[in-house]
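The values are calculated or read from the model by the stated rules, or taken from the named source; none is laboratory data. Note that the coordinates shown come from a computational prediction; the quantities given were computed from them, not determined experimentally. Here the Cβ positions follow ideal geometry from the backbone for every residue, glycine too, while neighbour counts run over all protein chains shown. For accessibility, only protein heavy atoms count, side chains too; no ligands or nucleic acids. Shrake-Rupley method; radii C 1.70, N 1.55, O 1.52, S 1.80 Å.
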Amino acid sequence: MKNDVSFLLDSQLSLYEHQSSYNPNMPLRGMMYFSHLYLQILSKQKRDIYSNSLVKIPTPRYIVFYNGDEKEEEYIELKLSDAFEKEDKTGRFEWTASMLNINFGKNQELLGKCKALYEYASYIEKVKKYKKKMSLREAVDRAVNEAIEENYLDGFFRTHKEGVIDVSLTEYNEAEFIENRREEGRKEGREEGRKEGEKEGLAKGKKEGLAKGKKEGLAKGKLELITNMLQNGYSYEQISTMINMTVNEIKELEEQVMVK
């Protein structure tokens, strides 16, 4: 289980996630992330949770940065209790995720205090603006070049130009990519349904075709990105950080696709 960024400082365990689309399941995901982190911390410190003494743990802090196209409030507190199958307003068991909208023009006080976050938000805004009047590739190229000229993130764009372009294209192509694979899956499902000639067979075919098309399509797309980054000199560790996959997951994906 892997989160975007987490660190322990002054007895506070902070976890930051980035989302380009609204996801109401972040509290559940956060609870699972923190459980994993706490297990690592307690194991490393050799703490015994079965003892009679109270085991102290770092105070959790969970922040989700959102910069998707859907219009959202500047701040939303997402609650785990909203996912309970049976409504519970007692608050006896709760886990929250604080979602901050970092689209340009939102949370201006926060962006004004954090130069890196401001420059990242500015870059994303450039891509969104330019892709309305040119191809996505041209929009990303132009936004990256401007970020380099303006020395965004202290030269990070200049040093990692190709990697930034690859990740940006992957991020913005994801929605269209998934929809295309879904359509392929629906076509496969319809064909299988016709052969069976029964309503039940048609529904099953569509469902299986959709799942297969989406899974294989996403795997192929990720492998193409990984291959391109390896050819550009990036190590497995660097790629792992940039695309949110462990090194083992990357190598397993390569093996799976090669076998197919």
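Just a few scattered comments:
- For trypsin sites (Lys or Arg not before Pro), the sites in segment 21-89 that DSSP calls loop and that have at most 11 other Cβ atoms within 10 Å are LYS46, LYS56, LYS71, LYS86, LYS89.
- Of the trypsin sites (Lys or Arg not before Pro) found in segment 101-161, those that fall in a DSSP loop while having at most 16 other beta-carbon atoms within 10 Å are LYS132, LYS133.
- Enclosing the Cα atoms of segment 1-64 in their convex hull gives a volume equal to 95 cubic angstrom per residue.
- Extension gain, LYS56 to LYS71: 0.36 nm times the residue separation minus the Cα-Cα distance gives 1.4 nm.
- The alpha carbons of segment 1-149 give a radius of gyration and a Dmax of 19.1, 65 Å, in that order.
- Protein heavy-atom surface of segment 1-119, 1.4 angstrom probe: 51% of the accessible area is carbon and sulfur, with nucleic acids and ligands not counted.
- Put a plus charge on the Cβ of each Lys and Arg, a minus charge on the Cβ of each Asp and Glu, and nothing anywhere else: the dipole of segment 51-165 about its Cα centre is then about 160 debye.
- Convex hull projection area averaged over all views, segment 57-115, Cα basis, nm²: 6.1 nm²
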